[in-house]
Each structure stands twice: as structure tokens, then as C-alpha cells.
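Rule-based calculations on the coordinates, nothing more; no lab input. Computed from a predicted model, the values in this text were never measured in an experiment. Glycine gets a Cβ as well: all are built from the backbone with ideal geometry, and neighbour counts include every protein chain shown.
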Amino acid sequence: MVITGAASGIGEASALKFARREAKLVLADVNATAVEAIKTRLCQEGGVDEQDVITLRVDVSNENDVKEMV
């Protein structure tokens, strides 16, 4: 499951919900530090293992960033 804007708001809430369902996640956000913190939280609270969560620094308004993410 790829979630953009994963460092806050709806993206963060979605990441937590899918983590609790033991989904493999790709968390993307423009704020690399914040998305790493979300990964840590998900691994502690959400029921996923660290190897099941990938974090990426992605600005979805930048076409090249999106292409690299995919």
C-alpha cells in the first residue's frame, strides 16, 4: 500500500489503520524526518515489522519525485 502525505493528517491516520491490518507499506512525504518518525510509531504501535515499511521523501507536486517513487 502506497500512502502519500503519510507524515500527518489523513495520511498518517491511514498508515496507522493499514499497519494495524499488517499491510506492507510505502510511506511517502515531503518531510523525510517526520515520515521516519511515523514509521517508528507504526512499528511500535501498529503491529508491523520494520522490514514491512518503506519510507520515501517525495514531493508529489514534483513529477520527477513521483516517477522515482513508482
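Can you spot the aspartates and glutamates whose alpha carbon is less than 14 Å from residue 17's alpha carbon? Ignore those fewer than 8 places along the same chain.
Excluding near neighbours in sequence, the set is 45.
For residue 67, give me every one of the aspartates and glutamates with a C-alpha distance below 15 angstrom, ignoring sequence neighbours fewer than eight places off in its own chain.
29, 59
Rank-order 16-24, 33-41 by packing density, defined as the average count of other C-beta atoms within 10 Å over each peptide's residues, highest first. If you can, show how the numbers build up before the last one.
Numbers: 16-24: 15.1, 33-41: 17.2.
Packing order, densest peptide first, comes out as 33-41, 16-24.
Answer with a single label: of (1) 33, 15, 10; (2) 50, 9, 6; (3) 20, 11, 10, which was calculated as semi-axes √(5λ) of the Cα gyration tensor in Å from the structure in view?
(3)
Report, to the nearest 10°, how far helix 32-41 tilts away from the longest principal axis of the Cα atoms in the chain, using its own Cα long axis and a range of 0 to 90°.
10
Angle between the Cα long axis of helix 9-20 and the longest principal axis of the chain, 0 to 90 degrees, nearest 10?
40
With a cut-off of 8 Å between alpha carbons and a minimum separation of six or more residues, what is the relative contact order of the chain in percent?
Working: 116 pairs, mean separation 21.6, N = 70.
Relative contact order here is 31 percent.
Tell me which residues come under 5 Å, amide H to amide H, from residue 26 once H is placed; ignore anything under 5 positions away on its chain.
Amide H to amide H, under 5 Å and 5 or more residues apart or across chains, residue 26 pairs with 2, 3, 54.
Add -39500 (n - 2.57) for each DSSP H run of 4 or more in the chain, then divide by its residues: what number comes out at 222 nm, to the nearest 500 deg cm²/dmol? It would help to have the intermediate numbers written out before the result.
Numbers: 3 runs with 29 residues, N = 70.
Value at 222 nm, helices only: -12000 deg cm²/dmol.
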